[in-house]
Amino acid sequence: MGPDSVLKLDYLSLAELAARPAAWWQNVLGLAAFDAAAPRAPSDDVPMVSVHTAVLGGQAQRYEVWKCAQPAQAGTRGRVQYRSSGGLVFGRLSVAESEFAAASGALSALQRATELAYREMFTVIDALAMPHLVRVWNFLPDINGESHGSERYWQFNSARQDGFLAYGRAVTGAVPAACGVGSAAGTPLVIYFLASAAAPTVIENPRQVSAYHYPPAYSPRSPTFSRACVADFANGKMLFISGTASILGHETVHLGDAAAQTRETLRNIEALLGAANSGAGKHAPFAMTDLRYKAYVRHAADQGLIEEQLTAALGQQARALYLRADLCRPDLLVEIEATGCYYANGGS
């Protein structure tokens, strides 16, 4: 990501983060720490979400850092801690299902936690006049488990959709890029997000059925996310590709083959890049080799094989973070998200 970006993404080690001067933190919108024992940010004003997923590939602790071009303003409302700058806001919150253990009725504790989380999230972005969700990360424990007669991921989808509808948001078409993956058992529902004052451009994949049009077999109420979106800034564009997997149409392909699933996933990302670059001609703003990748790996033993596929497709310069996580379908072995930026001044 270049120096003129209104928004910059880095995956930094603990040592790299510790070496940053105090002034550097003024422009940090927020960060995610992928280690249960991760230390806090140097200032309580900086929202940091702790995601209980193991980092793979010998990378040890890693931090996903979102940084903007100008100093950010901090705030807290309800459970949401946030920072905003330049028409963007980063927020994070967590809700423990144990808070609803004594609740009765048809809704599960996960559904109640999800509804509360989305209610608080929409309340904050509406109050900040940044009502457009651009990118959402959802981490829920035991994602493939069952309770209340259904899969927990289905319960999450139902409650998320109710949250969108309750705040007048669309649940098809103009929906944010997102991912929903598993986290360690017994941990809270954890969500972090980016929202904007301006609506992003939504992108779908011509190789896939839109997630919000999936058949009921995958979830009685469809997932509420787009395959990707592009946010426009005065000095460039930012591409957010949702968690992407080895799915053609609506069906999982290459069952049991982590390498083939990785290659198919990359073909889907390439198709999204083509859609994002449509009409740009030879000046296509986004390229596979310029993206930053985050791979969610079901079986830790597959990480090396998955990394080999990324390196073969993207070269040794491939910038990727690997996390151990269960995925929304039991037959998926890997899910990959990607982020890229294009600069109007010609940078990359």
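Globularity index of the chain is 0.93 (Cα radius of gyration / 2.2 N^0.38 Å, N = number of residues).
Among complete DSSP H helices in the chain, those whose alpha-carbon atoms stretch at least 18 Å along the helix's long axis and whose mean Kyte-Doolittle hydropathy reaches -1.0 are 109-127, 152-166, 258-276.
Over the chain, with every protein chain in place, what whole percent of the accessible area is carbon and sulfur at 1.4 Å, could you tell me?
Numbers: 6800 of 13240 Å².
Carbon plus sulfur share of accessible area: 51 percent.
Fully extended, how many nm does the chain gain between D232 and E308 (0.36 nm per residue separation, minus their Cα-Cα distance)? Present the calculation step by step, with values, prior to reporting the outcome.
Working: separation 76, 0.36 × 76 = 27.36 nm, distance 3.31 nm.
Once the chain is fully extended between D232 and E308, it gains 24.0 nm.
When the surface is traced with a 1.4 Å probe over the full set of protein chains, H299 keeps roughly 90 Å² accessible. Highest mean first, the peptides 330-339, 211-220 sorted by other C-beta atoms within 10 Å per residue fall in the order 330-339, 211-220. When every Cα-Cα distance of region 172-299 is counted in 10 angstrom steps from zero, the calculated P(r) takes the values 11, 39, 37, 12, 1 percent.
For a straight C-alpha distance cut-off of 15 angstrom, the aspartates and glutamates reachable from K67 (same-chain residues fewer than eight places away being disregarded) are D4, D10, E16, D45. Remark: relative contact order (the chain) = 17 percent; criterion is Cα-Cα distance under 8 angstrom and separation of 6 or more residues. Taking the Cα atoms of region 31-149, the ratio Rg/Rh between the radius of gyration and the Kirkwood radius comes to 0.99. For G243, the amide hydrogen comes within under 5 Å of the amide hydrogens of A178, C179, counting only partners 5 or more places away or on other chains and with H modelled in the peptide plane.
Rounded to the nearest whole Hz, the Karplus-based 3J(HN,Hα) values (6.51 cos²θ - 1.76 cosθ + 1.60, θ = phi - 60°) of region 174-182 follow the sequence 7, 10, x, 5, 6, 9, x, 10, x, with x at glycine and proline.
What 222 nm value per residue comes from the helices of the chain, counting each DSSP H run with n ≥ 4 as -39,500 (n - 2.57) and dividing by all residues, nearest 500 deg cm²/dmol? Walk me through the numbers before you get to the answer.
Details: 5 runs with 70 residues, N = 348.
Calculated at 222 nm, the ellipticity per residue is -6500 deg cm²/dmol.
The values are calculated or read from the model by the stated rules, or taken from the named source; none is laboratory data. Quick caveat, the model's predicted, so the values are computed rather than measured. Don't worry about glycine lacking a Cβ; one is built from the backbone with ideal geometry, like all the others, and counts go over all protein chains shown. Each accessible area value is taken on the protein alone, full model and side chains, heavy atoms only, with ligands, DNA and RNA left out. Shrake-Rupley method; radii C 1.70, N 1.55, O 1.52, S 1.80 Å.
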